[in-house]
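Here the structure comes first, spelled out in structure tokens, and everything after it is commentary.
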Amino acid sequence: MERQHQLLSKIATNDRHGENSPYFDGWKAYDKNPFHPTDNPDGVIQMGLAENQLSVGSIIDWIEKHPEASICNPEGVHMFKDIANFQDYHGLPEFRQAIAKFMGRVRGGRVTFDPDRIVMGGGATGANELIMFCLADPGDAFLVPSPYYPAFYRDLGWRTGVQIVPVDCDSSNNFQITKGALEAAYDKARQDGINVKGLIITNPSNPLGTTLDRETLKSLLSFINEKHIHIVCDEIYAATIFGSENFVSISEVVEEVMDCNRDLIHIVYSLSKDMGLPGFRVGIVYSYNDAVVNCGRKMSSFGLVSSQTQYLLASMLSDEEFVDDFLAGSSKRLKKRHGIFTKGLEQIGISCLESKAGLFVWMNLRHLLKEQTNDGEMELWRVIVNDVKLNVSPGSSFHCVEPGWFRVCFANMDDETLDVALKRIHAFVGEQKERETLPTKTKDMPSKTKCWKKNLRLSFSSRIFEEGIGSPIAMSPHSPLVRART
């Protein structure tokens, strides 16, 4: 193995991919034993994947009604030669125009986007890496408020050499970003000899499902202008809003703050979450900096969106009636699913951080920890993955400073699977409460029968490390670690 390692490059073999995170370990457990209602009802339910599958029917309906939008259908094959030979890294003009218009509609029509500033990337993963290559050198760093997306280590730093400097946020103010926390992280990095090139925010937040208000965004612009560093706003969940308040994009605030340096402001967008099209690999960098647009466009040669995909989406996103109906319908479905899931959790005393966006909840299980430490969190997480058979993501993998928080995705499954997941959670928590009422000696004794497991057709293993998390798991070619993810 060492000899083979020496034959490969340092970039290919460095450990900055983040694959050893519990976030990815949970995916491996699912990949090894995926739930299926009839073929494998005892399998692991995937609740670690932030996919939006609730509105796919609307997209299928549109495609069936518009066969001419695909060059692979008889109605559209007359465009096959032109589209199949198109390879300009600027992208199809109609695609860039449709994306720009869609981004504006997602933000309520309160701001417009210039199609000439649209730069393509291979999903949000490719877009995030592209903007890092444009803005930073190896060893430079970006501030990132915690908790943050675990794969940022891969997306932002694996190949670029860029570092992440966490800005610690906690539940005392619902994990809101404060100027004090930013200043502390920035000053500490500078004292350590780290060159801070910028700040990265996710709005709406992954994993919190919260959004930043106008005043906070203005404060962040003030901070980066004062330090003369970049701000990259990851807005890939912009259309997953299901609360009553409008989403406020950094693009709106830019128009209101006259003295901000626009050359420092950049947006990452994607259709993976808002439209539920992660396989299409549509990532977008939108920069107010001309030099970044020009450099980014040349770099985008390594991660272009296929011309066939561009052609289909240009037609779909130009259909304003469809777009309006889709956005409204998606919001209603997400709100309903979020309500069903959180109410189901509330029935057994589990609370979540109040949220109004995203495809997940930030679930509070601190009361179930044996000890309020990361080790306590990991012990509980292993039980949930290996015994309860739910792949949820522990807060420590998101660099959360408080143990006991878990991200749980709710939009990547049908109603029946969600119901099974809730029943498993109810049964597990019920058992924990029952054990709390037993004498200490009895708690430590293995129970002879667990009726709830039988009723749920679960096959529990007490060997947490033998066959579950903590043991090597062979990865199939279809593993989520093989596939690119955003």
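Annotation: aspartates and glutamates with alpha-carbon distance below 16 angstrom to LYS298 (same-chain offsets under eight excluded): ASP88, ASP116, GLU129, ASP290. DSSP bridge analysis restricted to the chain gives an antiparallel fraction near 50%, rounded to the nearest 5.
In nanometres, what is the gap between the two model label sites at ILE60 and GLU320, each 7 Å from Cα along Cα-to-Cβ? Label-label distance for ILE60 and GLU320, simple model: 3.0 nm. Dividing the helix sum by the residues of the chain, where each DSSP H run of 4 or more adds -39500 (n - 2.57), gives a mean residue ellipticity at 222 nm of -12000 deg cm²/dmol.
Could you order the peptides 267-274, 416-423, 306-313 from most to least packed, using the average number of other C-beta atoms within 10 Å per residue?
Sorting 267-274, 416-423, 306-313 by mean packing, highest first, produces 267-274, 306-313, 416-423.
One Cα centroid belongs to segment 263-283, the other to segment 177-210; the line between them spans 22 Å.
The P(r) of segment 68-322 has a tail past 32 Å containing 21 percent of all C-alpha pairs.
Rolling a 1.4 angstrom probe over the protein heavy atoms with all chains in place gives the chain an accessible area of 45 Å² per residue. For the chain, the longest principal axis of the Cα atoms and the long axis of helix 22-32 meet at an angle of about 80 degrees. Applying a threshold of 24 Å to the alpha-carbon distances of LYS28/LYS433; LYS32/LYS335; LYS179/LYS335; LYS335/LYS389; LYS370/LYS433; LYS227/LYS273 flags LYS28/LYS433; LYS32/LYS335; LYS179/LYS335; LYS335/LYS389; LYS227/LYS273 as lying beyond it. Of the solvent-accessible surface of the chain, computed with a 1.4 Å probe and all protein chains present, 50% belongs to carbon and sulfur. Computed about the Cα centre, the dipole magnitude for the chain is approximately 1240 debye when only Lys and Arg (+1) and Asp and Glu (-1) carry charge, each at its Cβ.
The values are calculated or read from the model by the stated rules, or taken from the named source; none is laboratory data. Just so it is clear, the structure is predicted and the values come from calculations on it, not from any experiment. With ideal geometry, Cβ positions are generated from the backbone for all residues, glycine too; neighbour counts draw on all protein chains shown. Each accessible area value is taken on the protein alone, full model and side chains, heavy atoms only, with ligands, DNA and RNA left out. Shrake-Rupley method; radii C 1.70, N 1.55, O 1.52, S 1.80 Å.
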